[in-house]
Structures are given as C-alpha cells and as structure tokens.
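Working notes for the structure below.
The values are calculated or read from the model by the stated rules, or taken from the named source; none is laboratory data. Everything numeric here is computed off the predicted structure, so don't read it as measured data. Quick reminder, even Gly has a Cβ in these numbers, built from the backbone with ideal geometry, and neighbours come from all protein chains shown.
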Amino acid sequence: MTFRTHSPDPHSPETYTPETHTPETHTPETHTPETRSPDARTADTHPTRARRSAIARLGLAATAGVLAMGLAGCASSASADSSAPGGTWMLVSASDANGPLPVDAGPVTLVIDDGGIGGEVCNAYGGTFTGTVGQTAAGEIAITEVFSTMMWCEADGLMDLENRYFRALELATKAQLIEGALVLAGDDVRLRFERG
C-alpha cells in the first residue's frame, strides 16, 4: 500500500491548521482613593466658617450699634431745661412696701422719650409711658409692659434691687419734677431720680 504525503501548503484546501486562541487577560483597574491633605480640607471649609463668624460678628455689632444710637438719640432729644422730663435720669433713692431699695447695689438709669421708657439696672429694660409729668403738682402717669433682658448678675443686692425697681415702676401713678429731680410715686412706692 502506498501512502501520499502532503506538503504543508498553506494554500491547499486540504491543509487545515487549527487556530489557537490565547485567552485575554484583564488587568483589573485599580482606583486609588482621592486623598486630601488637612490643609486642602481646611481650605475648603475654613472660608465658610470664617464667613459665618464674620456674619455673626457683624450682626452683634449692628445690634449693639442700634441700641447705642437709640439711647444716644433719647438722651440728645432731652432739652437742657431741667423741666423737660425726657432724657436720662439716675435713681438716687427709692422705697416700696418692704422699705428702702438697695440703690447702692448698682447704678439704675431711666430714659423717657416719646411714650416709652428704657434704661439699665443689671439688665437692659424698656416699657411704655403714658401721662404727664407735672411741675407744680403731680401728674397722672402709667408705666406698663415693662420687659427686660434675662441676664443673671452676681453683684450683691443687684438682682433684688432690679426686681423691686421693676415692680415699683409699674405701681407708679404720679410723676412730678421737684427742684430738678424727677419723682415717681404710687401706692407704697416712691422713686427719686436726678439728671444723669
């Protein structure tokens, strides 16, 4: 028996060379997490904190400025004539049903202007003022809706003075200018002020 041999002719249809497939290898992508230096994080957030702090400081400064201008306006609106009840007064003596108020515990101011009162003891306060301050005789008045800030003060006797003073203001029904002093009086209360 004779065998024929086939030369490896690539163009011969009888020749078949199987293709070999090399599987692709995939290298997984590595994602390196983005890192920020502490300085970078600070740079992102610090301006926001700075803006908020600046806004808060600006708001506090504006509030303080408005209060200062308001009190200055009240004081400047008072006439140099001591017969004018407007302006700033300092409490020099006071009493209520329980006896003398401890006025030495701290300065007490009263500002009267355009239907309102204001001032400061331990806390800043305000209220409404209606009526007339008499000169030759006591005039009828009413002090109502007294309000104040709520700060606690540790000075001896100051909180007692403030509480009794606020009650006395609301009990006052008469007001008169006597020898340059402003006197407020009512049932069991008497408050005497001099120009501040």
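On inspection, VAL133 does not qualify as assigned by TED's automatic domain parsing to the domain that holds LEU177, at pLDDT 95 or above and of a type in the set (A, V, I, L, M). For region 154-196, which residues satisfy the criterion of being in contact with a Pro (Cβ under 9 Å, 6 or more places away or on another chain) and within 16 Å of PRO107 (Cβ to Cβ)? Residues satisfying the conditions are ASP156, GLY157, LEU158, ASP160, LEU161, ARG164, LEU182, GLY196. For region 117-136, the set of residues classified as hydrophobic (A, V, I, L, M, F, W, C) and either in a strand (DSSP E or B) or farther than 15 Å from LEU91 by Cα (or both) consists of ILE117, ALA124, PHE129, VAL133, listed by residue number.
Just so you know, in region 145-166 the residues that are in contact with a strand residue (DSSP E or B) (Cβ under 7 Å, 6 or more places away or on another chain) and either hydroxyl-bearing (Ser, Thr, Tyr) or outside any strand (DSSP E or B) (or both) include one that is surrounded by the fewest Cβ atoms within 10 Å (Cβ to Cβ), and it is THR149.
Evaluated against (1) of a type outside the set (Lys, Arg); (2) in a strand (DSSP E or B); (3) in contact (Cβ under 8 Å) with a residue 60 or more places away in the chain, ALA142 falls short on exactly one condition, (3).
Mind checking which residues of region 168-196 are in contact with a Gly (Cβ under 6 Å, 6 or more places away or on another chain) and either free of Cβ contacts under 8 Å to residues at least 12 places away in the same chain or over 22 Å from ALA97 (Cβ atoms) (or both)? Correct list: empty. Among the residues of region 107-126, those that are on the phi > 0 side of the Ramachandran plot and surrounded by fewer than 21 Cβ atoms within 10 Å (Cβ to Cβ) comprise ASP114, GLY115.
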